[in-house]
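Here is the structure we will look at, set down as structure tokens.
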Amino acid sequence: MFLKQLFNFIFNKSNIKYKVIVNSNDIQKREIYYKSNNISTIFVCYSAFLYKDNIRELVHNYKFQKKVFLSKVIAKILYDLILLKIPNFNDISLNYQIVCVPCHYFRVFQRGFNHMHLVCEELSKLSGVKFNKKFLIRSKYTPSLFNKSKKERKKYISGCFRINNKLKDINKNTKIILIDDLLTSGTTMKECINTLADNGYLNIHPFTLASTTSK
């Protein structure tokens, strides 16, 4: 009981400290293009905030200070963002599934936890929507891309993802909520979208906590 009360106290303080109310004016929007057979499809990625101030601190404390309880704060922000853009998101009859931009297992080992899995598990609890954690796989290790140019990012990330062969029979009409923490150049998100779309999954809705560039 004491540990539960302590956890709730810490979590409530975190809710107060970090800006968790998603406002339409803060939402960032970026178009990501997928081209196949000379036909272009535009996917719109929404980010709840710009990557600055409290949001930057939130991400840093979560990923690098290993304050894993902040996964709940990030999941709640993403949940509110998704509901603003897809009001029927948690209607289980509409066949949504949550998929995250995957981390390589070595990166997970270095960090000590899978930061996006924790966030998506909390998002699944909030929404009732299934988190398909094994659907998209990162098959190639890449160094940190944060300070790399767009050209360098594209080189490193090309061919980095694949669909889990055991799950390729999932209905192609499944509505995929694709989740990541940050949108920087958009290269990683675009590569994930390309991988999904190349395998016939075209109903993709990308969302991130924050974007490093303004709309």
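Values computed for the structure shown
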quantity	calculated
Unique residue being closer than 15 Å to residue 184 by Cβ and crowded, with 17+ Cβ neighbours inside 10 Å when the list is 74, 55	55
Only one of 157, 137 that is among the aliphatic types (A, V, I, L, M) and touching a strand residue (DSSP E or B) at 6+ places or on another chain (Cβ under 8 Å)	137
Filtered residue count, the range 190-200, keeping only those that are surrounded by 23 or more Cβ atoms within 10 Å (Cβ to Cβ) and either within 23 Å of residue 53 (Cβ to Cβ) or at pLDDT below 95 (or both)	0
Test: residue in the range 91-106 that is touching a helix residue (DSSP H, G or I) at 6+ places or on another chain (Cβ under 8 Å), within 20 Å of residue 55 (Cα to Cα) and not β-branched (Val, Ile, Thr)	yes
Within the range 128-215, strands (runs of 3 or more DSSP E) holding 1 or more residues that are more than 27 Å from residue 109 (Cα to Cα)	175-183, 204-211
Cβ-Cβ under 8 Å pairs, at least 6 apart or on other chains, the range 126-149 side of a type in the set (Ser, Thr, Tyr), far side at pLDDT below 80	142/156
Selection within the range 67-91 - of a type in the set (S, T, N, Q) and part of a helix (DSSP H, G or I)	71
Qualifying position, being at pLDDT below 65, assigned to a loop (DSSP other than H, G, I, E, B) and either surrounded by 14 or more Cβ atoms within 10 Å (Cβ to Cβ) or basic (Lys, Arg) (or both), among 19, 4	19
The range 142-165: number of residues that are modelled with pLDDT of 80 or more and among the aromatic types (Phe, Trp, Tyr)	1
Any pair with Cβ under 8 angstrom, 6 or more apart, that starts in the range 63-78 at a residue that is under 19 Å from residue 126 (Cβ atoms) and ends at one that is at pLDDT below 90 and of a type in the set (A, V, I, L, M, F, W, C)	69/7; 69/10; 69/11; 72/11; 73/11; 73/20; 76/20; 77/20
Any hit, the range 100-116, residues being in contact (Cβ under 8 Å) with a residue 12 or more places away in the chain, within 15 Å of the chain's Cα centre (by Cα) and in a helix (DSSP H, G or I)	yes
Answer residue from the range 115-135, given it is out of contact with any Ser or Thr (no Cβ under 7 Å at 6 or more places or on another chain) and under 21 Å from residue 195 (Cα atoms) and is surrounded by the fewest Cβ atoms within 10 Å (Cβ to Cβ) among those	134
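Results for (1) of a type outside the set (Gly, Ala, Ser); (2) closer than 22 Å to residue 110 by Cβ, shown as yes or no for each residue.
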residue: 21; (1), (2): yes, no
residue: 25; (1), (2): yes, no
residue: 29; (1), (2): yes, no
residue: 33; (1), (2): yes, no
residue: 40; (1), (2): no, no
residue: 43; (1), (2): yes, no
residue: 56; (1), (2): yes, yes
residue: 63; (1), (2): yes, yes
residue: 67; (1), (2): yes, yes
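The values are calculated or read from the model by the stated rules, or taken from the named source; none is laboratory data. A quick note: this is a predicted structure, and the numbers were derived from the prediction, not measured. Cβ: placed from backbone, ideal geometry, glycine included. Neighbour counts: every protein chain shown.
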